[in-house]
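Single-structure report; data block below.
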Amino acid sequence: MNEQIRAREVRLVGPEGEQVGIVPLERALQLAADVDLDLVEVAPMARPPVCKLMDFGKFKYESALKAREARRNQQQTVIKEMKLRPKIDPHDYETKKGHVVRFLKAGDKVKVTIMFRGREQSRPELGYRLLRRLESEISELGYVEAAPKQDGRNMIMVLAPHRAVKASATAATAARTGSAREREAIAAEAQSADGATPAAAEPAGTTGE
């Protein structure tokens, strides 16, 4: 960037992507100074290297903002687990159902496991009915992603939040973290990269040249 560029001449691209042409480095630096912008090398392997006039600080800030937003949107899915017995006490059932509801509202998936012991293993329909009951009672928040399936002594079903519920949970998380501290962190992230070459900033119209 700017005086760090070592090429004698560069293929210059204007701030709006317009082609200026091949010019001496000194001329390119002067043009950058005239419009109060930086001269940034965006295609160092080209011959001559391609440079673009841009506000490098603004570019890095916007790049950091987009990267942070992408990480937020790609938030890793969390799978919680809730274990029940086929002959669970009604009060315990309501308590555990409450946990399932809370997990779904938070945007998490829930693996519900029915644990069979002893003679209970000969009555898999008890676990199946319990899972179907739970499914119907949380239907406003989630749906069955993986149908009930026997796995040894256990029967497993996976619940996932509806898209609208997950979006609401994600928005709530963003609202809690979207404070001035986060904005300052983004700015610091952008400034810490000062002096780096933005290799991804290939200007339009330079491909194949």
**Message:** What's the number of the only condition in (1) free of Cβ contacts under 8 Å to residues at least 60 places away in the same chain; (2) among the aliphatic types (A, V, I, L, M); (3) closer than 30 Å to THR170 by Cα; (4) in contact with an Asp or Glu (Cβ under 9 Å, 6 or more places away or on another chain) that LEU29 fails to meet?
**Reply:** (3)
**Request:** Would you be able to say whether some residue in region 59-81 is aliphatic (A, V, I, L, M), closer than 19 Å to ASP38 by Cβ and surrounded by fewer than 16 Cβ atoms within 10 Å (Cβ to Cβ)?
**Result:** yes
**Item:** Among the residues listed as PRO24, PRO44, PRO86, the single one being in the same structural domain as GLN121 (by TED's automatic domain parsing), over 27 Å from the mean Cα position of the chain (by Cα) and touching a residue at least 12 places away in the same chain (Cβ under 8 Å)
**Value:** PRO86
**Complete:** Selection over region 124-153 where residues are acidic (Asp, Glu) and within 15 Å of LYS96 (Cα to Cα) yields a count of 2
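Provide a single number: the residues in region 130-155 that are hydrophobic (A, V, I, L, M, F, W, C) and part of a strand (DSSP E or B). Write out each step before concluding.
So in region 130-155, the residues hydrophobic (A, V, I, L, M, F, W, C) come out as 130-131, 134, 138, 141, 144, 146-147, 155.
Now drop any that are not part of a strand (DSSP E or B), which leaves 144, 146-147, 155.
Of the residues in region 130-155, 4 are hydrophobic (A, V, I, L, M, F, W, C) and part of a strand (DSSP E or B).
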**Request:** Give me a count of the residues in region 130-162 that are surrounded by fewer than 14 Cβ atoms within 10 Å (Cβ to Cβ) and either out of contact with any strand residue (DSSP E or B) (no Cβ under 8 Å at 6 or more places or on another chain) or not assigned by TED's automatic domain parsing to the domain that holds ARG102 (or both).
**Result:** 6
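Kindly indicate whether GLY127 is at pLDDT below 90 and either part of a strand (DSSP E or B) or over 28 Å from the mean Cα position of the chain (by Cα) (or both). Show your work before the answer.
Details: at pLDDT below 90: no; either part of a strand (DSSP E or B) or over 28 Å from the mean Cα position of the chain (by Cα) (or both): yes.
The answer is no for GLY127.
Would you check if there is a residue in region 84-94 being under 28 Å from ALA167 (Cα atoms) and touching a Gly at 6+ places or on another chain (Cβ under 6 Å)?
Within region 84-94, the first condition is being under 28 Å from ALA167 (Cα atoms), and the residues that meet it are 93-94.
From what's left, touching a Gly at 6+ places or on another chain (Cβ under 6 Å): none.
Checked region 84-94: no residue is under 28 Å from ALA167 (Cα atoms) and touching a Gly at 6+ places or on another chain (Cβ under 6 Å).
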**Request:** Go through GLY17, GLY57 for me and flag whichever is farther than 30 Å from THR173 by Cβ and among the small types (Gly, Ala, Ser).
**Result:** GLY17
**Prompt:** Are there any pairs, at least 6 apart or on different chains, whose C-beta atoms fall under 8 Å, with the first in region 159-175 and within 10 Å of LEU141 (Cβ to Cβ) and the second of a type in the set (Asp, Glu) and assigned to a helix (DSSP H, G or I), and if so, which?
**Reply:** LEU159/GLU135
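The values are calculated or read from the model by the stated rules, or taken from the named source; none is laboratory data. Nothing here was measured: the structure is a model prediction, and the numbers come from that model. Note that we place each Cβ from the backbone using ideal geometry, even for glycine, and neighbour counts take in every protein chain shown.
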